[in-house]
Amino acid sequence: MLLLLLGSLYSPSFLSADYLLQQLKVASFLGVIATGMMLVVLLGEIDLSIPWVVAAGGMMASAATAYGLLGEILAIPFGILCGAALGLISGIGVAYLRIPSMIITLAVNSVAQGLMVAYSGGFSPRDSASPAMKFIGAQSTLGIPHAVVVWVIVGALAVFLLTRTTFGRSVYGIGNRESAAYLSGVPTQRVVMIAFALSGGLAAFGGVLLAGYAGKAAQSMGDAYLLPAIAAVVLGGPSILGGRGSYIGTIAGVILITLLQSILSVMQIAEFGRQIIYGVIIVGMLLLYGREKSSR
């Protein structure tokens with residue numbers, strides 16, 4: 001509420017229904033990406049491959065449209081599968097090779113960047129988004145953006161996965177103490193691997209939505225989503241140290257970050273200033289969680 005009031009001081013249209021609905025549409029892109037990030041954070045890990053996995057999802061889905069009707073039909077699942085494959089590599093590295101998630105996901109991000117630059121020849125991708133991508137990413141029905149509906153569906157599936165399945169309970173167990181979860185019979189390596197694959201798939205799905213919204217993919221389309229995705233998760237309540245948090249908190253974090261981005265844009269704060277603010281939020285939450293852990 002405070003952010004809404006602050007925004008209204010700079011722009012009278014900030015509290016209008018149309019503007020808020022547009023902001024909810026923008027939030028849905030971050031929301032889908034942050035859903036995957038939350039799964040990894042609940043494990044006590046981090047996924048830094050978001051920028052180029054997002055780009056790979058959008059670019060590969062758009063590239064599939066060059067293969068006629070079949071390509072257009074398979075564009076969305078193909079883009080998601082490309083992201084899931086990249087996430088799977090990260091998951092194997094973390095779960096089976098015991099590589100720190102920060103290192104392996106940075107490496108996967110670099111590999112994805114190299115592959116996408118090689119594919120495009122270093123130029124802006126020329127492939128356009130498929131009609132289905134534009135339908136879910138840019139269009140609305142009865143004033144309700146389809147992207148928001150997609151986020152609601154993804155969120156509902158995430159809540160079911162985390163609260164009603166063995167996999168979800170295993171994620172929380174590993175985040176609290178992996179060794180205890182392993183001794184309890186949880187297949188910890190498989191759960192970690194699947195969580196990273198889901199994170200990659202959801203990041204790529206976010207790229208598909210963004211490509212549909214813009215009409216085409218761009219190489220840098222994921223750069224602006226890494227810190228906001230992490231900040232949205234930790235700001236919403238899930239502990240960045242793992243094992244604690246709900247999806248409702250992530251929804252709140254996504255909306256807060258989106259409104260903050262909008263206010264910073266209205267105030268004409270430069271991009272470097274926004275990155276500093278996101279970084280301060282993350283550092284502050286890390287210090288807070290670290291203090292709570294020490295007190296316990």
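The values are calculated or read from the model by the stated rules, or taken from the named source; none is laboratory data. Keep in mind the model is a prediction, meaning the values are calculated, not measured. Positions of Cβ are generated from backbone atoms using ideal geometry, with glycine treated the same way; all protein chains shown enter the neighbour counts. The area values use the complete protein model at the heavy-atom level, side chains included, leaving out ligands, DNA and RNA. Shrake-Rupley method; radii C 1.70, N 1.55, O 1.52, S 1.80 Å.
Does Ser140 satisfy being open to solvent by 20 Å² or more (accessible area, probe 1.4 Å), under 27 Å from Gln23 (Cα atoms) and among the hydroxyl-bearing types (Ser, Thr, Tyr)?
In short, yes.
So, in region 52-71, exactly how many residues are at pLDDT 95 or above and more than 20 Å from Ala138 (Cα to Cα)?
The qualifying residues number 2.
Only one residue in Gly253, Gly249, Gly206 is within 15 Å of the chain's Cα centre (by Cα) and under 30 Å from Ser130 (Cα atoms). Which one?
Exactly one residue qualifies, and that residue is Gly206.
If Leu88 meets every condition in (1) in contact (Cβ under 8 Å) with a residue 40 or more places away in the chain; (2) farther than 26 Å from Tyr182 by Cβ apart from one, which number is that one?
(2)
State which residue is least open to solvent (accessible area, probe 1.4 Å) when the search covers only region 198-252 and only residues that are of a type in the set (S, T, N, Q) and in a loop (DSSP other than H, G, I, E, B).
Ranking the qualifying residues of region 198-252, first place goes to Ser239.
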